Amino acid sequence: MRYHGTVIRPPSEADSYILQVTYGCSHNRCTFCGTYLDKPFRVRPMEEIREDIALAQRLMPETRRVFLADGNALILGTEKLTDILDSLASGFPLLRRVGIYANARDILRKSDADLALLRLKRLEILYLGLESGSAEVLRRIQKDCTPAEMLEAVQKARRAGIRVSVIALLGIGGTALSAQHAEETGRLVSAMDPEYLSLLTLMLVPGTELHRQHQARAFELMRPEELLAEMRAIITHTEGLSRCIFRTNHASNYLPLAGTLSRDKARLLAALDRALDQGPGALRPEEWRAL
Ligand code: SF4
């Protein structure tokens, strides 16, 4: 397989064939994100993408799942995406589903008919980096998107039959905005009613604006027990969800939890309370955390 630079994918795509169709992220300005700092955004030529699919077809003919990287591959035009999805379908007869990272604006730029067509071509799940439901937190981290746009984007994708996995970031408001971040994230996720909610935990990356803010004492990193309390508050503020599979299985988290929010809220809160009572021994050691 041919890959350019750092390639990331959600934990649930661990068994998928990862196909880079873009390089980097077209936004690349979020203050906490260092993933693509050394990789300017570029659209990969179709010819190269077809060559990669042909190579993967020879090496992994039984591929059932594909994840389209990099950062926000949904920025590609619908025609190019359908071309890629058609190539995948003809290359992998057992193909079941294709996933992709998306920014809210990428979803909103597509028409309902575009999204329906992509769904028909097996684009089944979008991973959306919400980070926070708080307008103030989103403004400070330069997400360049409002909570209202995030909500509209998720609703639009779900109307097209595309499942949405929302990703929020513990600690991103720092100590100062933690309460606001937790409450507004819980409420916004409730309004979105997504199929999945994953929480990751902030890790400062040297070279990012947030790292600089932290060094200048303008941003306070939260302690593990404060982050668990923040997670507790997010879960507490969710309500009325149809289902919503909840996961904190990303390596950045101190405490891996899993459940279905509509059913397991009390169990998840009890697990958090136990971990808070037990202290550091119940948590993933700092040196095992990773992005
Ligand atoms: S967090 Fe997502 S949108 Fe923001 S810079 Fe990183 S990849 Fe791009």
- Task: State in Å² the accessible area per residue of the chain; use a 1.4 Å probe, count heavy atoms of protein chains only, and round to the nearest integer.
- Result: 45
- Charge sum, other residues only, whose C-beta stays under 10 Å from THR82's C-beta, Lys/Arg counted +1 and Asp/Glu -1: -2
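Of the cross-linked pairs LYS121/LYS156; LYS39/LYS156; LYS39/LYS265; LYS110/LYS143, which ones have a Cα-Cα span greater than 28 Å in the structure shown? Please report the intermediate quantities before stating the final value.
Working: LYS121/LYS156 17 Å; LYS39/LYS156 30 Å; LYS39/LYS265 40 Å; LYS110/LYS143 19 Å.
Among LYS121/LYS156; LYS39/LYS156; LYS39/LYS265; LYS110/LYS143, the Cα-Cα distance tops 28 Å for LYS39/LYS156; LYS39/LYS265.
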- Note on the structure: Among beta bridges assigned by DSSP with both residues in the range 158-291, the antiparallel ones amount in percent, to the nearest 5, to 25
- Query: Over the range 11-277, what is the mean sequence separation of C-alpha contacts under 8 Å (at least six apart), divided by residue count, expressed as relative contact order in percent?
  - Reply: 15
- Query: So what are the ³J(HN,Hα) numbers for the range 285-291, from phi and the Karplus equation (6.51, -1.76, 1.60; θ = phi - 60°), rounded to whole Hz, Gly and Pro as x?
  - Reply: x, 3, 6, 8, 6, 7, 9
- Task: Taking Cβ-Cβ under 4.7 Å as the only way to count a partner, pick out the unpartnered cysteines of the chain.
- Result: CYS25, CYS145, CYS244
- Taking the range 44-115, which trypsin sites (Lys or Arg not before Pro) meet the DSSP loop condition and have no more than 12 other C-beta atoms within 10 Å? ARG96
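Summing -39500 (n - 2.57) over the DSSP H runs of n ≥ 4 in the chain and dividing by its residue number, what mean residue ellipticity at 222 nm do you reach, to the nearest 500 deg cm²/dmol?
Value at 222 nm, helices only, nearest 500: -12500 deg cm²/dmol.
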- In the range 11-277 the accessible area split gives carbon plus sulfur, as whole percent at 1.4 Å, a share of 50
- With a 1.4 Å probe and all protein chains in place, put SER132, SER190, SER26 in order of accessible area, largest first. SER26, SER190, SER132
- When every protein chain stays in place and a 1.4 Å probe is rolled, ASP86, ASP277 sorted by accessible area with the largest first are ASP277, ASP86
- Message: Out of all DSSP beta bridges in the range 11-277, what portion is antiparallel? Express it as a percent rounded to 5.
- Response: 15
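The values are calculated or read from the model by the stated rules, or taken from the named source; none is laboratory data. Note that this is a predicted model, so its numbers are computed, not measured. Counting neighbours? That spans all protein chains shown, and the Cβs are built from the backbone with ideal geometry, glycine included. Quick note on the areas: whole protein, heavy atoms, side chains included, nothing else; ligands and nucleic acids left out. Shrake-Rupley method; radii C 1.70, N 1.55, O 1.52, S 1.80 Å.
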